[in-house]
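Okay, so here's the structure we're looking at.
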Amino acid sequence: MSTEPMRVETDVLVIGSGAAGMYAAIEAARAGCHVLLIDRSLIGRGGATVMAQMTVAVALGAEAPDHWSHHLHDTLAAGRGLCNEALAQLLCEQGPECISEMDRWGVGWARKNGKITSAFAPGHDRPRCVYVDFLNTGPAVSKTLRTAVHKIAGIERKGDLCVVDLIKADGEVTGAVAWHAGSGAPVTIAAKATIVATGGLTRLYRRNSASANMGGDGYALCLRAGAPLIDMEFVQFFPIGHLAPRLIGMDPIMWDPFRYKLGGRLLNNKMEEFTQSYGVAEGGKYVITRDVGTYAILKEVEAGRGSPHGGVYLSFQHCPGPALREAFGPVIDRLAANGIDLTKTPVEVAPIAHYHMGGVAADARMHTEVPGLLVAGEAVGGANGANRLSGNAITEALVFGREAGRSAAERAKQMRAAPVTQNAGRATTDLITADAPKNVRNSAEMVQTLQETMADDVGPLRTEPGLKRALSRIDELARDLGERPFGDAGAFDLTRLDWFDLRNMLTVARAVTQAALLRTESRGAHQREDFPGMLPEWHVNQTIRLNGGRTEISRTPAAGAVAAQ
Amino acid sequence: MSETATLKIWRGADRNSGSWELHEVPFEPGQSVLDGLRWIRVHRDPTLAIRFSCINANACKECMMELDGETVYACTARLEPREMTLAPLANKKLVRDLVTEIAPPAERLAIKGS
């Protein structure tokens, strides 16, 4: 292509329009900056936020006394000693402000007697999770933030822009180069500050609970730009993802709200409760944490006591029909349309990739190590240590988004002009318009092969042979991917998008697998079958950097003051 | 013998010069039309353009298309063991195959020549 790529300028570039990105955009615009909010999909529709079913953890103290320090205590305990305490404190301390602002914006937190009500979720010392009925927390949060974004002057929104690389000049990030899906053309964006709010990496796994666009792009973008990643071995699996019977129009994590409100019973194929054999007797309540729940279910299946589709049963047969109706109203009708009557039959559930505790290393102002590059939301690593507490993800998105918006605005206002990016990003614009090599592999099949590899060998239960097998498959996929993108430079060529995605997914998959191979102990979401038990010498965080195409991993002592259990 | 669904899919980047393609996909009760389209990308043709994000939660509202002439979300339309005709939305600007321009105008980037 001979024409110059399209070039746009802004004060603050926000990549990703989930809750973190939208809150960041709002805050930077409130500080007087011009903001360009972009998303690889539609604005405020994709990502993980919109998928949230219920709980948002916050020490609001509206119904009963609470204080952010109690929330922090529980967050640090869940993190098994590895949390970055400054980030965890920010999440807990500022959560109430953001939740209250969302309330003023009309999100519609569920109320009882006029007061915002809170549900109890496993790992919390008291009811602490606000929500929007019925199973509507994510859509309500997304919609509220979309409306707030519309109302504030200074935010320009553009969808269908998938960032391929960040641009650097003199050691600082000065913007990004994106592939525009609607045309296939490259777009260069110059920005005084760039916020990566692209969410997590659940798309690396066969069964996952988030959107198809959560392939870890932000981690790879930051890593290539020189920012280190932290805690990459800790992928959270949600224990009771829906497995069978097949149903449509429902999110696989939908059983969480049912358990919050009604308890429910986890049963093996003998229709007996089993979690007590793994140290947690539930007694009809929902108390098992995500890491222990995942472990218990997988071990029960391994022992031959699983359900027909390879999970376990979740039963609400003890709940009377009217109680189900009162708790979930229209959702009961949606289940009936799928042929499910909870009073008569149990459903099958199994662990499903849900959230990433690891991410880009950042300080409490959301700056990465690279000037001009900030992160927000799930893209940030460290706040949740080795295991995230239920309900902390949306809170983290809101709080970290707001903080990143503030910090980015401060930086942008100190700079006179947008940085010059005349030739910066040229290598990436050339890549976007490059001719494809001949006889390439099916890109969608490559994505599926990677997902199967990660699910089979880098899932919740890990071993050295499995992790090594995964690394060699990742290398093989990287060889097949090559250096030039598949497909053509036309509009919406999904093979070209798959190529850019695989470039990122393989980088991130390798980071997760290498960190998991090095950590020869079991802690939180990282369970090594060949190294059971938590070890004091592994009370460290692992940091990953990219050095000339090779990943380097180092260890630093974790701060965790709360004794890991 | 296992059942199949036949998806008759409109392909092309120009309304006037597109073509219809037939794909047989495995059928299992409880599957969605989107499941069938994703199967085609993995097993037959990765260039098939579809727009989706949330996969099966009906949360992102991106997978709108026409099934037998009716506007549906591909993630909530049930796959059936028969021939099903899939076309891009008739009232939106065509991008490619089953993908149309569905974003609000203010949220689209205007690129020269597109």
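The values are calculated or read from the model by the stated rules, or taken from the named source; none is laboratory data. Please read all numbers here as calculations on a predicted model, not as lab measurements. Every residue, glycine among them, receives a Cβ derived from its backbone with ideal geometry; neighbour counts consider all protein chains shown. Calculation scope for accessible area: heavy atoms of the full protein, side chains included, ligands and nucleic acids excluded. Shrake-Rupley method; radii C 1.70, N 1.55, O 1.52, S 1.80 Å.
Miscellaneous remarks
- Count of residues meeting criterion [part of a loop (DSSP other than H, G, I, E, B) and surrounded by 24 or more Cβ atoms within 10 Å (Cβ to Cβ)] in region A:179-204: 7
- Test result for A:G32, on the phi > 0 side of the Ramachandran plot, without any contact (Cβ under 8 Å) to a residue 60 or more places away in the chain and open to solvent by 30 Å² or more (accessible area, probe 1.4 Å): no
- Residues of region B:3-29 satisfying the condition of being open to solvent by less than 40 Å² (accessible area, probe 1.4 Å), touching a residue at least 60 places away in the same chain (Cβ under 8 Å) and aliphatic (A, V, I, L, M): B:A5, B:L7, B:I9
- Top-ranked residue in region A:100-126 [being out of contact with any strand residue (DSSP E or B) (no Cβ under 8 Å at 6 or more places or on another chain) and of a type in the set (S, T, N, Q); ranked as least open to solvent (accessible area, probe 1.4 Å)]: A:S100
- Selection status of A:V58, touching a strand residue (DSSP E or B) at 6+ places or on another chain (Cβ under 9 Å), within 14 Å of chain B (Cβ to nearest Cβ) and of a type outside the set (S, T, N, Q): no
- Region A:64-78, subset buried (at least 22 other Cβ atoms within 10 Å of the Cβ) and in contact with a helix residue (DSSP H, G or I) (Cβ under 7 Å, 6 or more places away or on another chain), residue farthest from A:T556 (Cα to Cα): A:H71
Residues checked against (1) in contact with an Asp or Glu (Cβ under 9 Å, 6 or more places away or on another chain); (2) among the hydroxyl-bearing types (S, T, Y); (3) closer than 30 Å to A:N439 by Cβ:
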residue: A:A478; (1), (2), (3): no, no, yes
residue: A:R510; (1), (2), (3): yes, no, yes
residue: A:A516; (1), (2), (3): yes, no, no
residue: A:F531; (1), (2), (3): yes, no, no
residue: A:P536; (1), (2), (3): no, no, no
residue: A:H539; (1), (2), (3): no, no, no
residue: A:R545; (1), (2), (3): yes, no, no
residue: A:I553; (1), (2), (3): no, no, no
residue: A:A558; (1), (2), (3): no, no, no
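- Among residues that are open to solvent by 40 Å² or more (accessible area, probe 1.4 Å) and part of a loop (DSSP other than H, G, I, E, B), A:L135 is not included.
- The single condition from (1) touching a helix residue (DSSP H, G or I) at 6+ places or on another chain (Cβ under 7 Å); (2) over 24 Å from A:F531 (Cβ atoms); (3) open to solvent by 30 Å² or more (accessible area, probe 1.4 Å) that A:N504 fails is (3).
- Selection of region A:430-445 for residues being more than 10 Å from A:F486 (Cα to Cα) and at the interface with another protein chain (Cβ under 9 Å from one of its Cβ atoms) yields A:A444, A:E445.
- Scanning region A:227-242 for residues that are more than 12 Å from every other protein chain (Cβ to nearest Cβ) and open to solvent by 10 Å² or more (accessible area, probe 1.4 Å) turns up A:I230, A:F237.
- Looking only at region A:80-131, and only at residues there that are aliphatic (A, V, I, L, M) and in a strand (DSSP E or B), the one that is nearest to the chain's Cα centre (by Cα): A:V130
- Selection count, region A:1-54, where residues are among the β-branched types (V, I, T) and either assigned to a loop (DSSP other than H, G, I, E, B) or over 16 Å from A:I189 (Cα atoms) (or both): 5
- Per the listing A:R479, A:R496, A:R473, the residue uniquely basic (K, R) and within 26 Å of A:G159 (Cβ to Cβ) is A:R496.
- Single match in B:V42, B:V33, B:V72 (criterion: at pLDDT 95 or above and touching a helix residue (DSSP H, G or I) at 6+ places or on another chain (Cβ under 6 Å)): B:V42
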